[in-house]
1. Where in the range 3-40 does the amide nitrogen come within less than 15 Å of the point 7 Å from the Cα of PHE87, taken along Cα to Cβ?
2. Would you work out the relative contact order for the range 2-88, in percent, from Cα pairs under 8 angstrom that are 6 or more residues apart?
3. So what is Rg over Rh here for the range 2-88, counting just Cα atoms and using Kirkwood for Rh?
4. Under the 0.36 nm per residue contour assumption, what length would be gained going from the current alpha-carbon distance of GLU52 and ALA73 to full extension?
5. Counting other beta carbons within 10 Å of each residue's own, what order do GLU15, GLU58, GLU92 fall into, fewest first?
Amino acid sequence: MQYMARVEIHHADRETYERLHSAMEAESFTRFLIGARDGKKYHMPIGTYWTESSNGAEAAIESAKRAALPIDAKAEITVSGAGQIIFFNCPEVVSVLPYANLGLFAAAHNPISKPFANLLALAPAAILRPPFRG
């Protein structure tokens, strides 16, 4: 199966990402893909990699962790493929209504945001729902 990995290194410069690229390559990840439409070779965005793994998504994320964690112990890693997305060190979203709690979270941490939070609390539910994409 094919898997895409995204690795976020905190406070990284170009040299740090070059170290990550080498480490990911040693774990059988590549930064290049062949375009399906034109057959041309493309660079993936920085920190994004592609791999083949017959051992599943868990094996792919373990490989990414072996590469990334020696460079940044707090690296955030996602691996997706075969209908799965696996996260490591990524912050959890605790709100069920992502738009509704943004203002409340901001107000709790920034008194200047209180008017926005109050306005958001009065908004109709239709405004707070993401648009239907059917």
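Each reported figure results from applying straightforward, stated rules to the coordinates on display, with no laboratory input. These numbers come from a predicted model, not from an experiment. When we count neighbours, we look across all protein chains shown, and the Cβ atoms used for this are built from the backbone with ideal geometry, even at glycine.
1. 6-8
2. Numbers: 148 pairs, mean separation 36.6, N = 87.
Here the relative contact order equals 42 percent.
3. Values: Rg = 12.5 Å, Rh = 13.0 Å.
Here the Rg-to-Rh quotient is 0.96.
4. Numbers: separation 21, 0.36 × 21 = 7.56 nm, distance 2.45 nm.
Separation in residues times 0.36 nm, less the Cα-Cα distance, equals 5.1 nm.
5. Details: GLU15 8, GLU58 12, GLU92 5.
Placing the least packed residue first, the sequence is GLU92, GLU15, GLU58.
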